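**Student:** Dumping the structure here so I can ask a few things about it.
The values are calculated or read from the model by the stated rules, or taken from the named source; none is laboratory data. All of these numbers come straight from a predicted model, not from anything done at the bench. Every residue, glycine as well, gets a Cβ built from its backbone with ideal geometry; the counts of neighbours run over all protein chains shown. Note: areas computed on protein heavy atoms with side chains; ligands, DNA, RNA excluded. Shrake-Rupley method; radii C 1.70, N 1.55, O 1.52, S 1.80 Å.
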Amino acid sequence: MLTPSLPDIEHWLETPNVRPVLLLMAYDCMPGRGPEAHAGWKRVLQAAREFEVHAIVSAGSYTALERYGETNEVPSAAHFHTPKMDAFYPLFKRLPGLPRHNAIAYRHWQRLAYRLARELHRKHCFSLVHQVNESSFREPGFTWRLGIPFVWGPVGGTENLPVAFLAGQPLAEQFRERMLNLSNRLSLRRHHVKIAAKRAAVLLAASTTNQSDFERAFRRRVELLPETAVDSVCRPETAKFRARGPLNLLWSGDFTTRKALPLLLEALANLDPDVEYRLRILGSGPLDAEWKELAVKLGVERRCTFLGERRAPDLLAQLEWAHLFVFTSLRDTSDNAVLEALGHGVPVMCFDHQGAGGVVTASCGIKIPVTHPGHAIAAMASSVRSLAQDRSRLIQLSAGACDRARNYLWPENAARMTLIYRSFALASRAGQGTA
């Protein structure tokens with residue numbers, strides 16, 4: 001990566017009428033429309049403070065942004081575009097046996113977006129292009145062909161579900177997860193992925209797991225930058241932690257195998273009757289009925305409340321109530337709910353691996369070793385028992401959660417991205433000056 005000296009940056013910033021032009025490929029881009037779309041919006045917003053930004057987004061995001069701009073202020077330096085769809089795109093989206101948002105349709109969208117990017121580059125002469133999202137490494141798009149610095153990431157998606165935790169799952173689920181693990185290894189060897197990684201001036205990984213996987217697969221330096229962040233950090237509210245009564249546990253996620261809520265339910269079933277707790281479960285999915293039946297079977301249903309579909313406003317409201325956020329996911333690049341919990345001063349219990357394992361520390365939560373389901377269940381039960389009896393520790397962890405979350409604020413995240421933008425904008429300006 002080209003890195004300008006500090007005096008060069010200061011001189012460039014003080015030069016009037018200089019506003020480099022950037023291209024951001026942000027398929028999902030809209031405030032409040034899920035973590036990925038919100039992250040895309042934040043990256044455009046932050047870049048537009050210092051640069052002229054053109055963002056190519058999906059048709060759905062483009063329509064939503066038009067509506068958003070009718071009642072909200074959008075930076076004048078941010079310009080949004082969406083590629084014109086051809087006859088093939090809707091056909092790819094409706095292919096039988098594939099999800100509504102499938103890889104074939106998305107790759108075709110990237111081809112169409114690249115055509116638009118070339119037209120815009122001829123008109124605006126971009127200093128660099130940044131492939132912002134979607135954040136999976138499987139589809140880097142085609143803008144690395146533009147002949148300008150290509151920034152890719154933060155990207156993830158290399159995480160594998162630990163095989164030991166497949167025991168007891170239906171055979172179909174075991175087969176599916178094993179195939180996903182295999183797909184991760186094979187996808188890293190795909191030609192278009194390897195060439196994009198080779199051409200990238202900067203490759204950003206969303207977690208330490210992704211970073212080590214990419215460095216091993218692509219044999220190059222990979223920078224680390226979280227794919228998401230929080231907008232603000234609350235001051236610790238110690239009153240709710242001092243109050244006597246049950247320990248308030250909050251779980252949030254999709255009702256799918258990899259989210260592994262049953263491990264927490266099993267742990268709670270192993271607690272002595274005198275350990276007081278309440279569990280609120282936010283989410284929905286294909287395993288809804290099965291997990292509710294399991295809560296009844298284990299005898300914990302009286303202390304569990306299933307709140308239904310997971311939405312951002314509901315999560316924030318429940319964090320005001322919670323003493324501990326429990327994140328049992330066995331396969332995740334990251335989860336915005338973990339950062340939101342820390343930002344609200346709520347300690348986190350999670351597995352010591354992948355995205356969450358890199359975010360949560362001993363000062364702000366409890367990390368469960370990823371060894372065997374039985375060991376994990378016992379460790380969760382022991383941790384819940386300990387925290388239910390030691391409110392002073394909860395208070396310490398709450399303060400630590402706020403301190404930790406300050407490292408994941410959007411301005412901090414964007415500042416690191418801006419330094420990358422500046423370095424290439426400087427190089428581009430220098431090249432134009434000597435041309």
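**Student:** Taking a probe of 1.4 angstrom, what is the accessible area of residue 171 in Å², to the nearest 10?
**Tutor:** Near enough 140 Å² of accessible area.
**Student:** Right, here's the next one. So how tilted is helix 171-187 from the main axis of the chain? Cα-based, degrees 0 to 90, rounded to 10.
**Tutor:** Between the helix axis and the principal axis of the chain, the angle is about 30 degrees.
**Student:** Now for a separate question. Among DSSP bridges having both ends in the chain, what percentage is antiparallel? Round to the nearest 5.
**Tutor:** Working: 0 of 44 bridges.
If I count the DSSP bridges inside the chain, around 0 percent turn out antiparallel.
**Student:** Roughly what % of Cα-Cα distances in segment 105-202 sit above 15 Å, to the whole percent?
**Tutor:** On the way: 3163 of 4753 pairs.
Roughly 67 percent, once rounded to a whole number.
**Student:** Something else now. Compute the Cα gyration tensor for segment 236-307, then decide on rounded, prolate or oblate, letting a ≥ b ≥ c be the square roots of its eigenvalues: rounded whenever a/c is under 1.5, prolate when a/b is larger than b/c in the other cases, and oblate in all that remain. Write out the running numbers ahead of the final one.
**Tutor:** On the way: a/c = 2.47, a/b = 1.48, b/c = 1.67.
Oblate is the answer for segment 236-307, as a/c is 1.5 or above yet b/c matches or exceeds a/b.
**Student:** Quick query: amide H of residue 230 versus all other amide H atoms, modeled in the peptide plane; which residues come in under 5 Å with a sequence gap of 5 or more or a different chain?
**Tutor:** 409, 410
**Student:** For residue 186 and residue 314, compute 0.36 nm times the residue count separating them, minus their Cα-Cα distance, and round to one decimal in nm.
**Tutor:** 42.3 nm
**Student:** For the chain, what is the accessible area per residue in Å², given a 1.4 Å probe and the full set of protein chains? Kindly include the intermediate steps, with their values, before the conclusion.
**Tutor:** On the way: 20280 Å² over 435 residues.
Value for the chain: 47 Å² per residue.
**Student:** Students often get this wrong: which residues of segment 254-268 have the backbone nitrogen under 15 Å from the point 7 angstrom along Cα-to-C-beta of residue 167?
**Tutor:** Label zone hits: 263.
**Student:** Using only the alpha carbon atoms of the chain, find the Kirkwood hydrodynamic radius as the inverse mean reciprocal pair distance, in angstroms to one decimal. If you can, show how the numbers build up before the last one.
**Tutor:** Values: mean 1/r = 0.0430 Å⁻¹.
Radius from the Kirkwood sum: 23.3 Å.
**Student:** Suppose every Lys and Arg Cβ carries +1 and every Asp and Glu Cβ carries -1, with no other charges. What dipole size does the chain come out with about its Cα centre, to the nearest 20 debye?
**Tutor:** On the way: 54 positive and 42 negative charges, 254 e Å.
That gives the chain a dipole magnitude of about 1220 debye.
**Student:** Another question, if that's okay. Just by accessible area at a 1.4 angstrom probe, what is the order of 93, 198, 42 from largest to smallest?
**Tutor:** Details: 93 60, 198 165, 42 30 Å².
Ranking 93, 198, 42 by accessible area, largest first, yields 198, 93, 42.
**Student:** Out of the total accessible area of the chain (probe 1.4 Å, heavy atoms of protein only), what percent is carbon and sulfur?
**Tutor:** Numbers: 10460 of 20280 Å².
Here it works out to 52 percent.
**Student:** Next question, about the same structure. Mind checking the full-extension length gain between residue 370 and residue 102? Use 0.36 nm per residue of separation minus the Cα-Cα distance, one decimal, nm.
**Tutor:** Working: separation 268, 0.36 × 268 = 96.48 nm, distance 3.11 nm.
Length gained between residue 370 and residue 102: 93.4 nm.
**Student:** Something else: Using the Karplus curve 6.51 cos²θ - 1.76 cosθ + 1.60 with θ = phi - 60°, what ³J(HN,Hα) values do you get for each residue of segment 274-282, in whole Hz, with x for Gly and Pro?
**Tutor:** 7, 7, 8, 7, 9, 10, 10, 10, 10
**Student:** Straight-line reach from residue 123: which lysines have a Cα under 24 Å away, not including same-chain ones fewer than 8 places off?
**Tutor:** Partners found: 84.
**Student:** Residue 145 to residue 256: FRET efficiency via 1/(1 + (r/R0)^6), r the Cβ-Cβ distance, R0 41 Å, to the nearest 0.05?
**Tutor:** On the way: r = 36 Å, r/R0 = 0.88.
The value I calculate is 0.70.
**Student:** Which whole-number percent gives the relative contact order of the chain, counting Cα pairs below 8 Å spaced six or more residues apart? Kindly include the intermediate steps, with their values, before the conclusion.
**Tutor:** On the way: 748 pairs, mean separation 65.2, N = 435.
Averaging sequence separation for qualifying contacts and normalising by length gives 15 percent for the chain.
**Student:** Here is a further query. Which far-off residues, 5 or more places away or on another chain, put their amide H under 5 Å from the one on residue 130, with H placed in the peptide plane?
**Tutor:** Under 5 Å from the amide H of residue 130: 23, 24, 25, 151.
**Student:** HN-Hα J couplings of segment 241-254 from phi, Karplus 6.51/-1.76/1.60, θ = phi - 60°, integer Hz, Gly and Pro as x?
**Tutor:** Once θ is set to phi - 60°, the couplings for segment 241-254 become 7, 6, 4, 6, x, x, 7, 8, 9, 10, 10, 9, x, 6 Hz.
**Student:** Around residue 370, which amide H atoms from residues at least 5 apart in sequence, or from another chain, sit under 5 Å from its own amide H, with H modelled in the peptide plane?
**Tutor:** Result for residue 370 returns 352.
**Student:** Sorting check: for 67-75, 128-136, 147-155, 172-180, which peptide has the highest mean count of neighbouring beta carbons within 10 Å, and how do the rest follow?
**Tutor:** Put in order of decreasing packing, that is 128-136, 147-155, 172-180, 67-75.
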